[in-house]
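The values are calculated or read from the model by the stated rules, or taken from the named source; none is laboratory data. Quick caveat, the model's predicted, so the values are computed rather than measured. SASA here: full protein model, heavy atoms, side chains in, ligands and nucleic acids out. Shrake-Rupley method; radii C 1.70, N 1.55, O 1.52, S 1.80 Å.
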Amino acid sequence: LSRAFRLSDRSEFETIIEVFNLTSRRNNLSRNANFGTGSYPENPSPSFNQITSVGEPRGVQLGLRLKF
């Protein structure tokens with residue numbers, strides 16, 4: 001969202017609000033791809049293919065812009 005406010009004929013002030021991941025969806029970044037020392041495909045490591053990191057759940061960014 002943004003809103004501009006005119007200060008004079010040659011300048012303008014703008015406020016900006018940005019929201020990322022508004023619904024708080026889980027962002028899986030990486031998985032454990034190490035199969036382990038067991039024989040393939042019968043004995044994988046217990047942590048094989050488990051999610052190892054996730055992204056931020058929600059973020060808000062505020063900004064101001066001056067145009068002249």
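Some observations on this one:
- For G36, distant residues with modelled amide H under 5 Å away: S45
- Contact order relative to length of the chain, as percent, for alpha carbon pairs under 8 angstrom and 6 or more apart: 41
- Split the accessible area of the chain by element, probe 1.4 Å, and carbon with sulfur accounts for 53%.
- For segment 20-30, Karplus couplings with θ = phi - 60° (6.51, -1.76, 1.60), whole Hz, Gly/Pro x: 10, 6, 4, 7, 6, 5, 5, 9, 6, 9, 8
- Under 5 Å from the amide H of R31 lie the amide H atoms of T52, each residue being 5 or more positions distant or on a separate chain, with H modelled from the backbone and absent for Pro and chain starts.
- For the chain, the convex hull drawn through the C-alpha positions has a volume of 105 cubic angstrom per residue.
- Accessible surface, per residue, of the chain when the full set of protein chains is kept, probe 1.4 Å, Å²: 88
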